[in-house]
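What follows is a single structure, written as structure tokens, with notes after it.
The values are calculated or read from the model by the stated rules, or taken from the named source; none is laboratory data. Given the structure is predicted, the values throughout are model-derived calculations rather than measurements. Neighbour counts run over all protein chains shown; Cβ positions are idealised from the backbone, glycine included.
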Amino acid sequence: MIDNDSVRPWGRYEVLQESDIHKVKCIYVNPGSRLSYQRHQKRAEHWFIISGTAMVTLNGENFQKVAGETVDVAVGDLHRIANEGSRELVFIEVQTGSYFGEDDIERIEDDYSR
């Protein structure tokens, strides 16, 4: 069952595990969609691409990642992931740090005016 709180304009996510020091999500990005260009002050992220092709922007540099590849996002890094393909992009996001709330997202650019 999908929790309505996890549905976003770009797709959806599921929280797989969480504690005081980490959170693990499975993130599904719709074809032609992308997350906001953002940064966090209290967490780092590690992405593992499961399926599809990801266009990643990290601190202003763009590169492509495919299934089996990873991306490390340090605290304070500007980052975005986009699905420019024709099928759903799926990746696992492992967050580590001191706080994992949605209010630790500083959006620099957002396609959905959030």
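Which one of ASN4, ASN62 is surrounded by fewer than 15 Cβ atoms within 10 Å (Cβ to Cβ) and at pLDDT below 95?
Every option except ASN4 fails the conditions.
Quick check: is even one residue across region 73-80 within 21 Å of GLU14 (Cβ to Cβ), assigned to a loop (DSSP other than H, G, I, E, B) and at pLDDT 95 or above?
no
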Next item on the list: Might you let me know whether region 14-37 holds any residue that is among the hydroxyl-bearing types (Ser, Thr, Tyr), surrounded by 15 or more Cβ atoms within 10 Å (Cβ to Cβ), touching a residue at least 40 places away in the same chain (Cβ under 8 Å) and not in a strand (DSSP E or B)?
Entry: yes
Next item on the list: With the condition kept exactly as written, say whether any residue in region 87-99 is at negative phi, touching a Pro at 6+ places or on another chain (Cβ under 8 Å) and either acidic (Asp, Glu) or exposed (fewer than 15 other Cβ atoms within 10 Å of the Cβ) (or both).
Entry: yes
Next item on the list: Quick one: in region 86-102, of everything that is modelled with pLDDT of 95 or more and not in a strand (DSSP E or B), which residue is farthest from GLY11 (Cα to Cα)?
Entry: SER98
